[in-house]
Amino acid sequence: MFVVLSVVKVAVVLVVFLTAVAYTVLLERKLVGRIQNRWGPTRVGPFGLLQPLVDGLKLFLKEDIIPSGVYRPLYLLAPLIALTCSLLSIAVIPFGTTLRWHGMRLFAISDLNIGLLILLCVTSIGVYGIALSGWSSNNKYSLLGSLRASAQMISYELALGLSLVGVVLRTQSLSLTDIVKVQAVHGIASWNIFGGGQIFAFLIYLMAAYAETNRAPFDLPEAETELTGGYHTEYSSMKFAMFFMAEYGNMITVGCVATLLFLGGWTSPFGDLIPPPQNLLVHVLAPLFWFVAKVFFFLFLYIWVRGTLPRFRYDQLMSFGWKFLLPAAMLNIVGTSLALALL
Amino acid sequence: MHLVLFLIFALFALAGAANLLLQKHPINSALSLIVVMSSLAVLYLLLGAEFLAMAQVIVYAGAIMVLFTFVVMLLNEGREEKTWGSRAARTVGFPAVVVLLATLAAAILRAGRHYGMVSLSDGITTTQDLSKVLFRDLLLPFELTSVLILIAILGAVALARKDDGNA
């Protein structure tokens, strides 16, 4: 039973996740289009809704070119590492009610008491995909891109990890389910971002997460104007698609983590104001709705920022990370600890 | 189940370590070291030390090894060369390693009688339990260690600093 249910859960989550990745790309193209006063993709299917399928098909059918100068084993391994890490982290994310069936959580692949640490683990391993791809490509643009990416990810990982400590201090647990449970009581008033007093932690997390996923305004690793394509310059066809999927997958994961840690996870923003529904279907679907809505809001914010802010310069990026974000995250830890100890 | 997993990952760790020595290219050696570190993390997990396992991956396999690969990538070192020194190290090194390992194993086995041992099927030590030990029973050694690390960081900064006064 355990094995069957696990396989079913993994399959369902994987399909939903990959579809979400494909449609995040479409969402981005649509939204950035609107921000720049144009339509974005409209031709394939109604409102361009079939565009992701066609894009996928195109990438799949393209010729896979491997340049002769590459270091082959690592060149082939790098996109696999990137995509695997991106897909792995979704495994520890709970996304619905704590409903159990035969003693197993239905709306989480695995519910671990060190879920948060696993997420940080996977992030720290994910750096290798980018670092190795740039080095093994044997191309100066790729190498520069991957050096930038690795340095940026290592620097911002610190601020990212430290910004989460405040939440852990409040919950006194590393389990993502416990973190959500603490925020469930009074709805929006007990969310970590408001009631928990973690608004600064949220902002630090937000900025560090943009840098961690190499997204604008911190997209220096693939700055087209200076580096052609950055670390994936030499990759084509499905190997390029794997990097692409990894990037958007990471965006969604970061959105899920922000939702769980700061925005109350799958709980409704009204808390006790609305009595818990008696209907089982509503009881199951409402949390899923709130979770997806919050992640969608986060993705919207991501794309909005990309469409609005210009790219940082490299020295600005580094000094911002080390001289502002890191001390701010540390101050937040001290502040939260003091507040928890004194109040 | 625990034993099977232990055997698999112990094998991974050993294979990674052997590969580290045999590979001629520094980046392959660095990657083998990552395999060793990650397999060790799984072994920790099997012994019920979940926090230690994750810290092992985040700190060693993640942060420290990224710096290793970073340096290899930046210097772009080629294949390793055989010199007189490396041949001498090979002849002396292997017996020395055997002696060192034997001594360590004997010492650990003897100490195990005093402190007790863990077995593979033991329950998980939660992070809460670990932090109680670290921050209550062993607070002074823990803080002393962190001061020591801070001194090391300051030393590194002082050494790396340029001597023109305004750097």
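None of the figures in this text is laboratory data; all of them are computed from the coordinates on show. Source: prediction; values computed, not measured. Methodologically, a virtual Cβ is constructed for each residue, glycine included, from the backbone with ideal geometry; neighbour enumeration extends over all protein chains shown.
Quick notes on this structure:
- Here is the figure for the range A:165-214: residues that are surrounded by 24 or more Cβ atoms within 10 Å (Cβ to Cβ), closer than 14 Å to A:T259 by Cα and within 17 Å of the chain's Cα centre (by Cα) total 4.
- Residues being β-branched (V, I, T) and in a loop (DSSP other than H, G, I, E, B) - total across the range A:273-304: 1
- Residue match in the range A:178-200 (condition: more than 12 Å from chain B (Cβ to nearest Cβ), out of contact with any helix residue (DSSP H, G or I) (no Cβ under 8 Å at 6 or more places or on another chain) and of a type in the set (A, V, I, L, M)): yes
- Going through (1) of a type in the set (S, T, Y); (2) assigned to a helix (DSSP H, G or I); (3) crowded, with 24+ Cβ neighbours inside 10 Å one by one, A:Y235 falls short only on (2).
- Single residue of B:L20, B:L33, B:L7 found to be part of a helix (DSSP H, G or I) and surrounded by fewer than 17 Cβ atoms within 10 Å (Cβ to Cβ): B:L7
- Of residues in the range A:245-280 being of a type in the set (S, T, N, Q) and over 30 Å from A:A78 (Cβ atoms), the one surrounded by the most Cβ atoms within 10 Å (Cβ to Cβ): A:T267
- Candidates B:T145, B:T83, B:T69, filtered to the one that is more than 23 Å from B:L43 (Cα to Cα), exposed (fewer than 10 other Cβ atoms within 10 Å of the Cβ) and of a type in the set (S, T, N, Q): B:T83
- Among the residues of the range B:50-66, those that are of a type outside the set (D, E, K, R) and crowded, with 20+ Cβ neighbours inside 10 Å comprise B:F51, B:A53, B:M54, B:Q56, B:V57, B:I58, B:A61, B:G62, B:M65, B:V66.
- Single residue of the range A:26-71 satisfying the filter (among the basic types (K, R), in contact with a helix residue (DSSP H, G or I) (Cβ under 8 Å, 6 or more places away or on another chain) and in a helix (DSSP H, G or I)) that is surrounded by the most Cβ atoms within 10 Å (Cβ to Cβ): A:K30
- None of B:L130, B:L120 is surrounded by 11 or more Cβ atoms within 10 Å (Cβ to Cβ), in contact with a strand residue (DSSP E or B) (Cβ under 9 Å, 6 or more places away or on another chain), on the phi < 0 side of the Ramachandran plot and of a type outside the set (S, T, N, Q) except B:L130.
- Qualifying residue in the range A:264-271 (condition: farther than 30 Å from A:R100 by Cα and in contact (Cβ under 8 Å) with a residue 60 or more places away in the chain): no
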